[in-house]
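K.L.:
Just passing along the structure, written as structure tokens.
The values are calculated or read from the model by the stated rules, or taken from the named source; none is laboratory data. Predicted model, so just to flag it, every value in this text is computed and none were measured. Because the Cβ atoms are built from the backbone with ideal geometry, glycine has one as well, and the counts that use them run over all protein chains shown. The area values use the complete protein model at the heavy-atom level, side chains included, leaving out ligands, DNA and RNA. Shrake-Rupley method; radii C 1.70, N 1.55, O 1.52, S 1.80 Å.
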Amino acid sequence: MQDLVNDFFIRHQSKLERLTAIAITLPGLINAASGVVHRMPGYDVQEMPLGETLSTLTGLPVFVQHDISAWTLAEALFGASRGAQDVIQIVIDETVGAGVISGGQLLHKRGRALVEIGHTQIDPYGQQCYCGNHGCLETVASTGSLLQLAAQRLTSQPDSLLHHQPLTIASLCTAAQQGDRLARDVIAGVGHHIGRMLAMMVNIFNPQQILIGSPLNQAADVLFPAVSSTIRQQALPAYSHEIQLTPTSFSDPGTHGAAALIKDSLYSGHLLVKLLQG
């Protein structure tokens, strides 16, 4: 890792005098307080002390956070939930996860970083998940599982617009917007699964606003009504009646999440304490 850090600093030497802190966002099982990455999907990573290692090598404060949690914070500071005190953000992509703003603060921002809904069991007899459990939300609501389901059903839908073209999330959303029954059904199915999970979260957190960040937002006119109707059917009416369901401002948060971590640490005084300690 030291060679990678040294190469980075050599390439960006002209900007080093303005460097005050480092923020890193990534998927996986992360402890934001210690900066330890316990596990990371797609990589052979176990108990990696990323924050401490980078801080030792650079002498700078280092903030490590789950990418979905950082995205949630970015939306609160710069995006669609700016000004809201209580927010749930759901991300539906290759994985499924959530971030929560409660009382204006990111939930768990100083500890285990993610509200882990993707590996919450919703069907004990369902498909086995890579986590080892069966019937996790991610097995029925991730974009990969959605494409798999669409491919399985396509053989019995000869009139579907999805024939004779690559089956992708983009083509699925386009077909749904054009009224394709198969495409609309599978996207609405994801919406109902997500809505059931959100109904439980609404009863717990009573949010003002729910954000959805997903490539499926290309077919928001199909996805959002399915999510919203399920929430209203299953959550307490007093909590769900006036909830706003909106897309995230950032379809790809890029560096906004890392910038949000630094800005939040400035507001809280946490960065100043780290600088004084360092």
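K.L.:
Taking the conditions exactly as written (of a type in the set (D, E, K, R), open to solvent by less than 50 Å² (accessible area, probe 1.4 Å) and over 15 Å from the mean Cα position of the chain (by Cα)), does Asp185 satisfy them or not? Let's see the steps before the verdict.
P.N.:
Values: of a type in the set (D, E, K, R): yes; open to solvent by less than 50 Å² (accessible area, probe 1.4 Å): no; over 15 Å from the mean Cα position of the chain (by Cα): yes.
When the stated conditions are applied, Asp185 does not pass them.
K.L.:
Could you check, for segment 166-178, whether at least one of its residues is more than 19 Å from the chain's Cα centre (by Cα), among the β-branched types (Val, Ile, Thr) and at pLDDT 95 or above?
P.N.:
Yes, there is a match, as at least one residue in segment 166-178 is more than 19 Å from the chain's Cα centre (by Cα), among the β-branched types (Val, Ile, Thr) and at pLDDT 95 or above.
K.L.:
Report, by residue number, each residue of segment 155-182 that is out of contact with any Pro (no Cβ under 8 Å at 6 or more places or on another chain), in contact (Cβ under 8 Å) with a residue 12 or more places away in the chain and under 21 Å from Glu94 (Cα atoms).
P.N.:
Leu162, Leu167, Thr168, Leu172, Thr174, Ala175, Ala176, Leu182
K.L.:
State whether the residues of segment 133-153 include one that is modelled with pLDDT under 90, among the small types (Gly, Ala, Ser) and over 18 Å from Ile68 (Cβ atoms).
P.N.:
Yes, some residue in segment 133-153 is modelled with pLDDT under 90, among the small types (Gly, Ala, Ser) and over 18 Å from Ile68 (Cβ atoms).
K.L.:
Just one of the numbered conditions (1) under 27 Å from Ala150 (Cβ atoms); (2) under 18 Å from the mean Cα position of the chain (by Cα); (3) among the polar types (S, T, N, Q) is not true of Ser229; which one?
P.N.:
Among (1) under 27 Å from Ala150 (Cβ atoms); (2) under 18 Å from the mean Cα position of the chain (by Cα); (3) among the polar types (S, T, N, Q), Ser229 violates only (2).
K.L.:
Let me ask you something else. Mind checking which residues of segment 1-30 are in contact with a strand residue (DSSP E or B) (Cβ under 6 Å, 6 or more places away or on another chain) and closer than 23 Å to Cys131 by Cβ? Working first, answer last.
P.N.:
Of segment 1-30, the ones in contact with a strand residue (DSSP E or B) (Cβ under 6 Å, 6 or more places away or on another chain) are 22-25, 28-30.
Result: Thr25, Gly28, Leu29, Ile30.
K.L.:
Please count how many residues of segment 79-94 are under 21 Å from Ile169 (Cα atoms) and surrounded by fewer than 20 Cβ atoms within 10 Å (Cβ to Cβ). Before you say what the answer is, go through the steps one by one.
P.N.:
Going residue by residue through segment 79-94, those that are under 21 Å from Ile169 (Cα atoms) are 89-94.
So of that shortlist, the ones also surrounded by fewer than 20 Cβ atoms within 10 Å (Cβ to Cβ) come out as 93-94.
Qualifying residue count, segment 79-94: 2.
K.L.:
Which residues, counting only those in segment 254-269, are open to solvent by less than 60 Å² (accessible area, probe 1.4 Å) and at pLDDT below 85?
P.N.:
Across segment 254-269, the qualifying residues are Gly254, Gly269.
K.L.:
Let me ask another. Can you list residue pairs whose Cβ atoms sit under 6 Å apart, with the first residue in segment 142-153 being over 21 Å from Met197 (Cβ atoms) and the second being at pLDDT 95 or above and open to solvent by 40 Å² or more (accessible area, probe 1.4 Å)? Count only pairs 6 or more apart in sequence or on different chains.
P.N.:
The qualifying pairs are Ala151/Leu167.
K.L.:
Within segment 209-250, count every residue that is closer than 19 Å to Thr143 by Cα and modelled with pLDDT under 95.
P.N.:
1
K.L.:
Follow-up. For segment 121-134, does any single residue satisfy the condition of being open to solvent by less than 30 Å² (accessible area, probe 1.4 Å) and either polar (S, T, N, Q) or out of contact with any Ser or Thr (no Cβ under 8 Å at 6 or more places or on another chain) (or both)? Explain how you work it out, then say what you get.
P.N.:
Narrowing segment 121-134 to residues open to solvent by less than 30 Å² (accessible area, probe 1.4 Å): 126, 129.
Then keep just the ones that are either polar (S, T, N, Q) or out of contact with any Ser or Thr (no Cβ under 8 Å at 6 or more places or on another chain) (or both); that gives none.
Taking every residue of segment 121-134 in turn, none turns out to be open to solvent by less than 30 Å² (accessible area, probe 1.4 Å) and either polar (S, T, N, Q) or out of contact with any Ser or Thr (no Cβ under 8 Å at 6 or more places or on another chain) (or both).
K.L.:
Pairs please, first residue from segment 218-237 and open to solvent by 70 Å² or more (accessible area, probe 1.4 Å), second anywhere and modelled with pLDDT of 95 or more, Cβ atoms under 6 Å, 6+ apart in sequence or on different chains.
P.N.:
Final answer for the pair search is Gln218/Cys173; Gln234/Ala199; Leu236/Asn203.
K.L.:
Between a first residue in segment 73-87 that is free of Cβ contacts under 8 Å to residues at least 12 places away in the same chain and a second residue that is assigned to a helix (DSSP H, G or I), which pairs have beta carbons less than 8 Å apart while being 6 or more apart in sequence or on different chains?
P.N.:
Once the first residue is free of Cβ contacts under 8 Å to residues at least 12 places away in the same chain and sits in segment 73-87, its partners that are assigned to a helix (DSSP H, G or I) give Arg82/Glu75; Arg82/Ala76.
K.L.:
What is the one condition in (1) farther than 27 Å from Gly79 by Cα; (2) outside any helix (DSSP H, G or I); (3) open to solvent by less than 10 Å² (accessible area, probe 1.4 Å) that Leu167 does not satisfy?
P.N.:
Exception for Leu167: condition (3).
K.L.:
Can I ask one more? Please enumerate the residues belonging to segment 22-37 that are part of a loop (DSSP other than H, G, I, E, B), open to solvent by 30 Å² or more (accessible area, probe 1.4 Å) and touching a residue at least 40 places away in the same chain (Cβ under 8 Å). If you could, list the steps in order and put the result at the bottom.
P.N.:
Of the residues in segment 22-37, the ones part of a loop (DSSP other than H, G, I, E, B) are 27-28, 32-35.
Subsequent filtering for residues that are open to solvent by 30 Å² or more (accessible area, probe 1.4 Å) retains 27, 33-34.
Listed by number, the residues that qualify are Pro27, Ala33.
K.L.:
Residues that are over 26 Å from Phe78 (Cβ atoms): which helices (runs of 4 or more DSSP H) entirely in segment 186-278 hold 3 or more of them? Steps first, please.
P.N.:
Numbers: elements: 220-234, 237-240, 256-268, 270-277.
The qualifying helices (runs of 4 or more DSSP H) are 220-234, 237-240.
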